[in-house]
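The values are calculated or read from the model by the stated rules, or taken from the named source; none is laboratory data. Keep in mind it's a predicted model, so treat the numbers as computed, not measured. Here the Cβ positions follow ideal geometry from the backbone for every residue, glycine too, while neighbour counts run over all protein chains shown. For accessibility, only protein heavy atoms count, side chains too; no ligands or nucleic acids. Shrake-Rupley method; radii C 1.70, N 1.55, O 1.52, S 1.80 Å.
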Amino acid sequence: MALLDRSDWYDIARDTNWTPGYVPREEIFPPQLSDPYGIPVEQWETFDEPYKVSYREYVKIQREKDSSAYSVKAALSRSKFHDDLDEGWASVLKLHYGAVALTEYQACQFQARMVRFGPSPSMRNMATYGMLDELRHAQLQLFFPHELVSRDRQYDWAHEAAHTKNWAVLGGRHAIDDIMMCRDAVTGTIMVSFAFETGLTNLQMVGLSTDAANMGDFTFANMITSIQSDEARHAQLGSPAIEIMINNGKKKEAQQAVDVAFWRMWRLFAITVGIPMDYYIPLDQRHLSFKEFMHEWIIRQYDRQVRDLGLETPWYWDLLADDIENHHHCQQGGIWSWRPTVWWNPPGAVGPREREWLEEKYPGWNDSYGTYWDVITDNLLHGREEKTHPECIPIICNMCQIPISNRPGEAWKARALQLEHEGRRYNFCTEPCRWIFTTDPDRYKHHLTIVDRMYSGEIDPPTLDNVLTYMGIGVVSEGGRDGHDYSWVDGFRTQAAE
Amino acid sequence: MTDAPDLKPLKTWSHLAGQRRRPSEYEIVSTNLLWSTDDELPWSLSPDMDMNQWYLKYRDGSPLKHVDWDAFRDPDGLVYRTYNILQDGQEAYVDGLLDEHNASGHDAELSAGWLDSLALLYTPARYMLHAVQMSSAYLVQMAPASTIVNCAMLQAADQLRWVSRTAYRTKELSLTAPDKGFGDKERALWENDPAWQGFRELMERALVAYDWGEQFVALNLVAKPAIDEAFVRQLGQAAHRAGDGLLRQLLDAQQADSVRARNWSAALVALALQTDGNKQVLADWVAKWAPLGDAASDAFCAALPDAGDAAAQAKDEAEAFRAGLGLGR
């Protein structure tokens with residue numbers, strides 16, 4: 001009496017390529033949806049996923065995982081956790097759910113592209129589980145915030161954000177549509193499974209779950225850990241595809257795909273992960289600075305994975321190191337100043353103690369970013385709150401869709417990164433964003449940033465109210481305010497009194 | 001803001017707040033989740049880029065029209081969580097079947113003639129089932145509402161379930177009957193044997209039916225019903241006649257997944273028929289595809305031992321399913 005081991009029959013289940021006879025193979029697998037690199041199908045049949053699972057195991061394991069995640073939530077839903085929750089952490093949750101829930105859902109369609117058009121049967125089977133995983137992640141991250149909408153309408157953005165034209169959403173959609181939704185199966189798996197999931201979502205999930213546990217948000221911590229365990233499996237679709245490309249003379253193409261995707265997602269992740277780690281999470285609950293985290297998890301580990309696969313360290317690695325020091329600090333300043341345009345309540349969180357911590361983690365912070373906050377702090381201390389709201393309109397990067405900014409203070413390295421293409425001038429935040437545009441200008445050239453839309457007539461007239469409405473503010477929920485009602489300036493009052 | 005909406009507290013997602021009843025878990029986590037249907041341009045890259053053109057042509061340009069595909073609901077109301085509970089139970093049952101029949105020496109009792117039939121008509125099916133898996137995944141990419149996408153997604157997963165179980169049995173049979181070509185000859189049979197050419201032609205052509213509505217008709221109203229009737233039901237009856245209780249019960253278990261597929265297919269047809277013109281569109285596609293389904297059933301059933309009128313039954317049942325949806329020929 002016995003059941004066979006998975007390894008006894010697994011190879012038969014992934015031996016499902018056949019030679020079509022009624023329809024040409026290239027019609028069933030059009031290159032623009034399947035493999036545009038012309039790698040022979042026998043080469044794709046060598047695809048060997050490092051992590052193997054059967055359907056039978058999958059439904060059992062996933063049932064157990066869900067049972068755990070949902071029961072933790074049920075057990076804790078009557079707790080008082082959300083009653084006196086720090087608004088900094090609430091902002092982490094609102095930002096996270098709004099950015100992530102529907103993105104996970106679109107990823108089902110991306111995985112489905114691999115199931116249908118992947119040239120390797122193994123890839124098609126593994127992506128079937130990947131597709132189910134993404135459904136799980138979308139549904140968990142809709143179900144969990146849903147109960148919070150009765151407390152605060154800003155949680156409605158978990159479902160609605162992706163349907164709005166909020167500036168932050170335009171950036172997310174542009175990147176996700178680019179690397180995930182509008183790529184063939186092969187390029188997509190390199191970009192998403194490897195560069196995005198192996199490279200960056202680990203960062204988000206491992207970091208976030210630790211922070212959540214420190215905050216006492218065990219429902220969220222447990223959910224994220226559970227999601228990460230799925231991600232660790234289906235992210236492994238990427239490396240066998242890269243190996244096959246390298247073995248078939250397509251290293252340059254693989255390298256470009258990885259480098260484009262990593263940079264695109266880095267620009268977003270610095271906002272969704274970096275700002276929370278260094279500003280939104282209350283000082284006493286922070287476990288690592290974003291920079292420490294990036295160096296440990298990305299600079300070291302991702303780079304090693306890239307080179308182990310036979311690719312090169314991305315050409316912009318030095319620029320990334322620089323961006324780690326600056327990008328999220330810039331955007332914390334920008335998002336806080338433009339707080340009425342977002343769906344969460346970003347705390348400024350730069351009181352005396354926080355600044356001391358920032359200076360320690362980012363030497364020179366006080367002489368640069370600190371000077372920006374000095375002005376804001378001074379205005380708040382003197383009752384000039386209205387002066388903390390900027391009246392100028394930022395210039396937006398034509399690739400990442402994020403306001404262009406740089407380190408203030410003496411180290412200010414203002415530079416124009418522009419490109420003239422077919423009579424239109426494009427602005428970029430960094431060299432890699434400009435480089436990505438040049439890899440395929442036809443792909444990107446029509447897109448309008450939120451600011452372009454103010455001048456193109458799409459938002460007409462571009463009054464503040466109209467712009468906010470266009471972005472879903474005052475429609476889905478009220479926009480943001482300082483998450484701590486400026487209490488972080490109190491420390492300076494005390495200092496002044498002393 | 002002149003037309004600022006009333007931002008009162010919510011009890012559920014704002015998009016579900018208008019309905020009178022409290023939304024179910026299914027509705028909370030399944031409805032209105034696609035962003036590519038929000039604007040005229042599906043994806044926020046250049047309009048003339050391949051992928052925008054593909055979606056504009058094959059999804060938004062489909063002759064099958066409805067003003068609100070998001071109104072679709074899965075009659076079984078499955079979400080990821082409940083799907084795994086359901087299928088973990090079903091798979092535990094299949095494990096039990098396999099274990100029990102292995103213990104009783106079931107395969108050793110099968111006749112040489114029936115083993116030949118299994119090698120010809122059962123184990124090559126993994127190619128066909130995998131093609132259904134791929135085709136279902138195309139619907140996942142292209143369906144115009146998340147509630148439809150989800151049904152197609154679980155349908156794709158169901159196919160991988162049976163690809164896997166068929167592979168399992170292929171290995172097991174190869175141990176009992178090493179001289180029958182189990183695990184060896186399936187591809188050649190799928191590509192060349194007359195019994196499979198109808199299904200192969202049907203699936204290859206269905207895979208390139210790129211209009212999402214036509215894909216749905218070719219797959220869910222023609223190919224799957226033909227597979228259900230000829231392969232699942234008629235082969236199951238042949239197994240019963242041959243004393244192969246295991247295959248009979250495995251195919252019965254497979255049938256349970258097909259019932260769900262038919263449930264959502266019927267619901268989607270019912271929704272589509274709310275729109276004038278769709279009946280003709282669907283009928284035209286059925287007229288185009290059903291003959292391929294019939295030919296597949298004919299070719300497959302002709303190779304069944306003691307088939308009797310298996311082919312006629314299979315074709316009648318598939319036709320009856322469509323007729324029940326108002327789409328009989």
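Points to keep in mind about this one:
- Each residue in region B:253-311 was checked for being among the charged types (D, E, K, R) and more than 30 Å from B:Arg241 (Cβ to Cβ), and 4 pass.
- Looking across region A:130-154 at every residue that is open to solvent by 10 Å² or more (accessible area, probe 1.4 Å) and within 9 Å of chain B (Cβ to nearest Cβ), the one that is nearest to B:Tyr127 (Cα to Cα) is identified as A:Phe143.
- The conditions of being touching a Lys or Arg at 6+ places or on another chain (Cβ under 6 Å) and within 8 Å of chain A (Cβ to nearest Cβ) are met by B:Met134.
- B:Asn192 within 19 Å of B:Val149 (Cβ to Cβ), open to solvent by 10 Å² or more (accessible area, probe 1.4 Å) and assigned by TED's automatic domain parsing to the domain that holds B:Met142: no
- Single condition A:Glu87 does not satisfy, out of (1) touching a His at 6+ places or on another chain (Cβ under 9 Å); (2) open to solvent by 10 Å² or more (accessible area, probe 1.4 Å); (3) at the interface with chain B (Cβ under 8 Å from one of its Cβ atoms): (3)
- Of everything listed in (1) open to solvent by less than 60 Å² (accessible area, probe 1.4 Å); (2) under 30 Å from B:Ser111 (Cα atoms), the single unmet condition for B:Leu271 is (2).
- So B:Asp38, is it within 11 Å of another protein chain (Cβ to nearest Cβ), loosely packed, with under 14 Cβ neighbours inside 10 Å and either among the charged types (D, E, K, R) or touching a strand residue (DSSP E or B) at 6+ places or on another chain (Cβ under 7 Å) (or both): no
- Single match in A:Glu325, A:Glu356 (criterion: closer than 27 Å to A:Thr494 by Cα, of a type in the set (D, E, K, R) and open to solvent by 40 Å² or more (accessible area, probe 1.4 Å)): A:Glu356
- Within region A:50-65, restricting attention to residues that are part of a loop (DSSP other than H, G, I, E, B) and within 14 Å of chain B (Cβ to nearest Cβ), the residue that is nearest to B:Gln133 (Cα to Cα) is A:Ser54.
- Region B:156-183 residues that are facing chain A (nearest Cβ under 8 Å) and over 24 Å from B:Ala92 (Cβ atoms), paired with ones that are among the hydroxyl-bearing types (Ser, Thr, Tyr) and buried (at least 24 other Cβ atoms within 10 Å of the Cβ) (beta carbon under 7 Å, 6 or more apart): B:Gly183/B:Thr170
- Scanning region A:283-318 for residues that are in contact with a Pro (Cβ under 9 Å, 6 or more places away or on another chain) and part of a loop (DSSP other than H, G, I, E, B) yields a total of 3.
- Selection within region B:70-96 - in a helix (DSSP H, G or I) and closer than 14 Å to B:Asn150 by Cα: B:Asp70, B:Ala71, B:Tyr80, B:Arg81, B:Thr82, B:Tyr83, B:Asn84
- Flag for B:Asp76 being more than 8 Å from chain A (Cβ to nearest Cβ), touching a residue at least 12 places away in the same chain (Cβ under 8 Å), in contact with a Lys or Arg (Cβ under 6 Å, 6 or more places away or on another chain) and not basic (Lys, Arg): yes
- Residue selected from region B:19-35 under the condition hydroxyl-bearing (Ser, Thr, Tyr) and open to solvent by 10 Å² or more (accessible area, probe 1.4 Å), by the criterion farthest from the other protein chains (Cβ to nearest Cβ): B:Ser24
- Some residue of region A:71-79 being more than 22 Å from A:Leu135 (Cα to Cα), away from every other protein chain (no Cβ under 12 Å) and in contact (Cβ under 8 Å) with a residue 24 or more places away in the chain: yes
- Count of residues meeting criterion [closer than 17 Å to A:His146 by Cβ and part of a helix (DSSP H, G or I)] in region B:1-52: 9
- In region A:250-271 there is at least one residue that is out of contact with any Asp or Glu (no Cβ under 7 Å at 6 or more places or on another chain), over 30 Å from A:Lys361 (Cα atoms) and surrounded by 23 or more Cβ atoms within 10 Å (Cβ to Cβ).
- Of all residue pairs spaced 6 or more apart or on separate chains, those with beta-carbon atoms under 7 Å, a first member in region A:365-379 that is aromatic (Phe, Trp, Tyr) and a second member that is open to solvent by less than 10 Å² (accessible area, probe 1.4 Å) are A:Trp365/A:Leu358; A:Tyr369/A:His329; A:Tyr369/A:Gly333; A:Tyr372/A:Gly333; A:Trp373/A:Val350.
- So A:Ser7, is it more than 8 Å from chain B (Cβ to nearest Cβ) and of a type in the set (Gly, Ala, Ser): yes
- Residues that are more than 7 Å from chain B (Cβ to nearest Cβ) and of a type in the set (Ser, Thr, Tyr) were ranked within region A:10-44; the one that is least open to solvent (accessible area, probe 1.4 Å) is A:Ser34.
- Any hit, region A:94-104, residues being facing another protein chain (nearest Cβ under 8 Å), within 25 Å of A:Val476 (Cα to Cα) and crowded, with 21+ Cβ neighbours inside 10 Å: yes
- Qualifying residue in region B:163-175 (condition: surrounded by 20 or more Cβ atoms within 10 Å (Cβ to Cβ) and either touching a Pro at 6+ places or on another chain (Cβ under 8 Å) or modelled with pLDDT under 95 (or both)): no
Conditions tested, residue by residue: (1) of a type in the set (Phe, Trp, Tyr); (2) buried (at least 24 other Cβ atoms within 10 Å of the Cβ); (3) modelled with pLDDT of 95 or more.
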position	(1), (2), (3)
B:Val208	no, no, yes
B:Phe216	yes, yes, yes
B:Leu219	no, yes, yes
B:Ala226	no, yes, yes
B:Ala242	no, no, yes
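- Wholly enclosed helices (runs of 4 or more DSSP H) of region B:222-306 bearing at least 1 residues touching a residue at least 24 places away in the same chain (Cβ under 8 Å) and more than 24 Å from B:Tyr93 (Cβ to Cβ): B:245-272, B:278-302
- With respect to (1) part of a loop (DSSP other than H, G, I, E, B); (2) closer than 30 Å to A:Arg153 by Cα; (3) open to solvent by less than 40 Å² (accessible area, probe 1.4 Å); (4) more than 9 Å from every other protein chain (Cβ to nearest Cβ), the lone exception for B:Leu64 is condition (2).
- Among the conditions (1) within 14 Å of chain B (Cβ to nearest Cβ); (2) without any contact (Cβ under 8 Å) to a residue 60 or more places away in the chain; (3) touching a Phe, Trp or Tyr at 6+ places or on another chain (Cβ under 6 Å), the only one that A:Arg424 does not satisfy is (3).
- Some residue of region B:42-59 being within 22 Å of A:Lys65 (Cα to Cα) and open to solvent by 10 Å² or more (accessible area, probe 1.4 Å): no
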